[in-house]
Every structure is written in C-alpha cells, then in structure tokens.
Amino acid sequence: MAHTYILFDFGTDEEKAQLARHKLEGWKQAFRLDKKLQYKLERGEGEAKNAPEEAGTTGDPPKVEKSKAKTKSKAKTGKAEATEEAMPANGKVNLLVRLYFSGHEKLTEQRWLDRIPAEDPFKEASPRVVRQGEEQFDEVVKQFDALE
C-alpha cells in the first residue's frame, strides 16, 4: 500500500485551517475513509509555546467573574474565552493529509488527490503532493509521525 501526502500551508489563517479540518472530517465519516484518509495540523512552535502561557495569565480573572455572573452571561463569557484562546494561536498553520489506499484502489486515490486540493478551503493553501519514492517523502513521513 502506497502513501501519498498532501501538504497545505494556511499561513496564519487558523479559521481556514479549521474549515479544512472540518471538511476532511465530514468526508472521512461520509465515505468511510477511517484509515485511508488521515490528517494532522501543525502549528508554529514559537507561537504554540507562548500561547499556553498567555492563556494561563488571561484565564485567571475571567474565572472569578464567571462565579459571580448569571447563567445567561456564563454562555457569553464562555464564547468570549473561546475566541480569546483562538486569537493567540495565529501562528503558522500547516495541514498534512495522508492518503493510504491499496494497489487496487488507484482510481479512488487519484480522485481524492484531484478533489481535495480543488475544494474551497484548500485552494488558497498552496497544496503540494508528495508521493512515495520522491526525495522529500522521508522528511514528510517523519514530520507526520512526530505530530499528535
């Protein structure tokens, strides 16, 4: 079975990356592609290390306000906190997609290789396809395996 990787660089647009992830998850469930289509998000390391520290310092005061607030305002502060957490994570975002089809599914694999980069959230992310046997393939496999 051959692996094929598609790399997408969303730059600092976390929202587009989440849209793309959501679209992949929908396809994965709808077409029963559990192990055949896998993806991982990679965020910039410098921003990822700073984000938890900032979230910890800004997260303490809203907790005090939450206990005093009414139930209606709790939902509003929860939404506000979610947007605050998403804001610091505006580092570089990459999406790695692995297609893992067997030899007799070459046509299906080719259809997915054509379809994924042509869809809306993926178009602007400069898709790059890396197939097994290419020079960069080993680096991409290590990068994919290193991500959680």
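Values in this text are rule-based calculations from the coordinates and carry no lab data. As the structure is a prediction and not an experimental result, all values here were calculated from the model. Neighbour counts are summed over all protein chains in view; Cβ atoms, including those assigned to glycine, are modelled from backbone coordinates with ideal geometry.
Things worth noting here:
- Loop chymotrypsin sites (Phe, Trp or Tyr not before Pro), region 3-38 (other Cβ atoms within 10 Å of the site Cβ: 14 or fewer; DSSP): Phe31
- Taking a Cβ cut-off of under 13 Å around Ser126, the surrounding Lys, Arg, Asp and Glu residues balance to a net charge of +1, with basic ones at +1 and acidic ones at -1.
- Counting Lys and Arg as +1 and Asp and Glu as -1 over every other residue whose Cβ lies under 11 Å from the Cβ of Arg98, the net charge comes to +2.
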